[in-house]
1. By how many nm would the segment from Tyr69 to Val24 lengthen if fully extended, with 0.36 nm per residue of separation less the alpha-carbon distance?
2. Compute the signed sum of charges (Lys and Arg +1, Asp and Glu -1) over the other residues within less than 15 Å, Cβ to Cβ, of Lys37.
3. Suppose the chain between Lys94 and Asp128 were pulled fully straight at 0.36 nm per residue; how much longer would it get relative to their current alpha carbon spacing?
4. Name the long-range amide H neighbours of Met60: under 5 Å, sequence gap of 5 or more, or other chain; modelled H, no Pro or chain starts.
Amino acid sequence: MFLLLICLGCTSKAPAPTINISLVNNNQSLQISGLDKIIITDIARDTANHFESLVPVFRMPADTDMKDYQPIQPGKYIVKDSALIFTPDTPFTKQQVYFVRYFQYGGDYKVMDFVKGQRTATKLRYTDLIFKQ
């Protein structure tokens, strides 16, 4: 029995991917790298480009307790060299803080279920990556 518990403790899950963000194109676009290349390629083939469901970009409100209620920053996503480039419809504002919400999909959850709206991400763990122009 004790040996069984030790073996169960030895099992490990695959580590979550490391997502990196950086401003590019004279700080007018945001580069998001480290996402699964297969997922990016699959979504890019879809004419609707549902990248805002995978890694939405938001403007940080003055009251950070309200950040879960912010609308998604509108813009265009393109795939370039296995990275995702987000260019907002209106330029990033200087000294304004923004964040990218990266949802940690896994287990019984499939990314495409969320991208296509078949599930919601409200119960998923996520990481907010903060940046300022």
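All of the numbers you see were taken from the coordinates with simple rules; none came from a lab. Quick caveat, the model's predicted, so the values are computed rather than measured. Cβ placement follows ideal geometry from the backbone for every residue including glycine, while neighbour counts extend to all protein chains displayed.
1. Using 0.36 nm per residue and subtracting the Cα-Cα distance, I get 13.5 nm.
2. So the environment of Lys37 carries a net charge of -1.
3. 10.3 nm
4. Result for Met60 returns Val97, Tyr98, Phe99.
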